[in-house]
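Here is the structure we will look at.
The values are calculated or read from the model by the stated rules, or taken from the named source; none is laboratory data. Nothing here was measured: the structure is a model prediction, and the numbers come from that model. No Cβ is skipped: glycine too gets one built from the backbone with ideal geometry, and neighbour counts run over all protein chains shown.
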């Protein structure tokens with residue numbers, strides 16, 4: 001039951017079965033009832049004819065003529081029989097056709113009443129019988145009860161019903177098979193686009209195709225478009241990994257070369273310090289690469305809602321321990337219930353690095369403010385995170401260099417380490433910006449990270 | 001002071017143990033999380049250095065368990081993971097500070113000194129009580145501004161007593177904390193060292209920095225000039 005078409009086919013077959021079954025049952029009942037009614041009417045006609053033919057005989061009994069008008073009463077075993085019984089249920093007369101047969105007496109109807117019944121001959125042939133009990137008035141004025149009974153074998157009727165059923169089943173089976181075949185052909189046509197997508201994805205996996213063709217019915221166009229987005233972002237991601245790895249490998253080569261040169265000449269002045277310097281550099285490079293944003297926001301198909309107050313509280317608690325001796329005074333101002341749409345790790349990295357730097361450089365005060373930013377058509381609000389301190393601030397030159405040229409490791413702002421470079425990368429991956437100013441109130445550095453709201457346009 | 005180092009990398013663990021030992025600490029070492037937790041709960045520990053990425057049981061779990069069992073000694077975490085997520089997890093679990101790998105030994109030793117001082121309630125690395133000043137970072141003892149020459153063992157004793165100024169420290173505790181585990185123990189040695197310390201710090205017997213409480217132990221008796 002894995003495939004859509006087999007599911008559809010099975011459900012349609014079940015539906016057809018139920019529908020046809022009901023139809024067959026209704027038709028069959030209608031046919032059988034109509035047939036039986038017709039038989040009863042005929043029997044009634046024969047009975048009336050029998051009554052008309054009955055005459056009192058010479059004695060004081062009723063008699064019927066030797067030959068009746070209906071020829072089927074005259075041929076033996078014709079299937080149509082008649083008899084006349086007296087008050088004691090003795091057979092007074094029996095039609096020629098019933099010669100050698102014993103028609104069961106059956107139930108005697110009330111005087112003046114008709115009674116239809118299903119009975120059977122000794123050999124099991126089913127009969128439909130009609131009995132009529134009458135009070136016959138003789139010319140001499142005496143009354144005598146008699147029962148007239150006509151019976152017809154149901155053999156032919158049953159054969160007729162069976163034939164009808166055979167035909168009915170035959171036709172319906174033919175119709176059902178035709179419908180299932182037609183439906184499965186229709187299904188093949190309908191599901192063709194799905195198979196096409198599957199084939200195209202296989203081609204993409206094999207590398208013989210770049211993206212899905214887009215020539216799909218309306219219902220599937222969205223799926224195809226999202227699939228293409230996913231493929232694109234996956235490709236961009238792997239490009240970025242390749243680029244990062246490439247970058248990492250190349251940036252590690254220089255310190256490695258320097259270390260080799262130092263090792264070859266261990267007599268050089270300040271050997272261990274210079275060696276250590278290279279290790280430091282390699283470590284910084286690795287740390288920077290490891291702390292870079294986990295992904296760009298476009299790749300994050302599912303964004304978490306990060307509870308800003310809670311995460312900042314954890315950070316501040318931790319930093320209070322780390323800066324236990326310095327005891328910076330934290331002023332935290334967060335819009336209540338504020339959420340950041342993104343990765344928790346990225347948020348902690350943003351706020352953690354900024355707070356850590358602020359604690360490091362502040363004289364005594366560190367201030368953090370987070371407010372949401374809202375734009376038109378936003379489905380999730382953005383965030384403006386500002387961290388300021390009362391330290392010496394960041395020299396304009398260093399700030400400009402960091403913001404304009406883009407960060408190179410060997411140029412990282414002294415003292416602010418790789419933290420700001422990481423913050424800048426993360427902000428950029430969310431489509432945001434980093435700005436470095438001087439705090440009006442506290443006099444030290446004021447660093448603002450603005451993450452734009454997520455709009456339906458850039459999430460699609 | 002008795003330190004516990006839980007680190008699975010043998011080179012790093014041994015180097016830390018050796019260098020901390022050289023700085024005058026008695027060091028217990030554990031190579032995996034389960035062993036580490038046992039030491040952390042069952043041994044007298046003044047400070048634990050715990051790597052976060054350990055086999056058998058994570059450093060975070062050790063910290064949580066130790067805190068749950070009421071252990072209050074400072075914990076310094078070592079982490080190879082530099083992301084704030086990991087640091088915050090460690091600090092929230094109950095650690096007091098972190099050092100990111102790779103590190104210089106001096107960094108670890110400075111954090112250890114700061115944490116120990118802090119746990120004794122001292123706010124700066126220069127602890128002053130009356131005329132006595134102990135500089136933890138330079139491992140130097142001064143009385144009335146004059147540096148006093150001390151052997152490393154004498155220094156360990158005065159450091160232990162002074163960090164816990166005001167508390168009564170039993171002879172057994174001093175032996176316990178100041179010797180390595182398999183060192184020969186002899187409580188008479190402590191008496192001898194205390195005697196020498198008194199002579200060096202207070203030749204005229206005027207300031208009486210170390211008080212002897214019969215049958216109970218010793219106490220650094222001078223009032224702190226500043227406390228954290």
What do you reckon, is residue B:91 crowded, with 21+ Cβ neighbours inside 10 Å, more than 14 Å from chain A (Cβ to nearest Cβ) and assigned to a helix (DSSP H, G or I)? no
Could you tell me whether any residue of segment B:55-65 is buried (at least 19 other Cβ atoms within 10 Å of the Cβ), within 12 Å of another protein chain (Cβ to nearest Cβ) and part of a helix (DSSP H, G or I)? no
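Among the candidates B:180, B:176, single out the residue that is assigned to a helix (DSSP H, G or I), at pLDDT below 90, touching a strand residue (DSSP E or B) at 6+ places or on another chain (Cβ under 9 Å) and not assigned by TED's automatic domain parsing to the domain that holds residue B:28. Steps first, answer last, please.
Numbers: B:180 fails: assigned to a helix (DSSP H, G or I).
Testing whether each residue is assigned to a helix (DSSP H, G or I), at pLDDT below 90, touching a strand residue (DSSP E or B) at 6+ places or on another chain (Cβ under 9 Å) and not assigned by TED's automatic domain parsing to the domain that holds residue B:28 leaves just B:176.
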Restricted to segment B:107-134 and to residues being surrounded by fewer than 16 Cβ atoms within 10 Å (Cβ to Cβ) and under 28 Å from residue B:206 (Cβ atoms), the residue farthest from the other protein chains (Cβ to nearest Cβ) is B:130
Which residue is surrounded by the most Cβ atoms within 10 Å (Cβ to Cβ), if the candidates are limited to segment B:21-51 and must be touching a helix residue (DSSP H, G or I) at 6+ places or on another chain (Cβ under 7 Å) and assigned to a helix (DSSP H, G or I)? B:36
Kindly evaluate residue B:102 against the criterion of being surrounded by fewer than 17 Cβ atoms within 10 Å (Cβ to Cβ) and in contact with a helix residue (DSSP H, G or I) (Cβ under 6 Å, 6 or more places away or on another chain). yes
Residue among B:154, B:106 that is under 27 Å from residue B:225 (Cα atoms) and either touching a strand residue (DSSP E or B) at 6+ places or on another chain (Cβ under 8 Å) or not in a loop (DSSP other than H, G, I, E, B) (or both): B:154
Across segment A:318-335, which residue is farthest from the other protein chains (Cβ to nearest Cβ) among those that are without any contact (Cβ under 8 Å) to a residue 12 or more places away in the chain and surrounded by 15 or more Cβ atoms within 10 Å (Cβ to Cβ)? A:320
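Let's see how each residue does on (1) surrounded by 11 or more Cβ atoms within 10 Å (Cβ to Cβ); (2) part of a helix (DSSP H, G or I):
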| site | (1), (2) |
| --- | --- |
| A:117 | yes, no |
| A:122 | no, no |
| A:134 | yes, no |
| A:145 | yes, no |
| A:160 | yes, yes |
| A:171 | yes, yes |
| A:188 | yes, yes |
| A:191 | yes, yes |
| A:233 | yes, yes |
Just wondering, is there one or more residues in segment B:7-15 that are buried (at least 22 other Cβ atoms within 10 Å of the Cβ) and not in a loop (DSSP other than H, G, I, E, B)? no
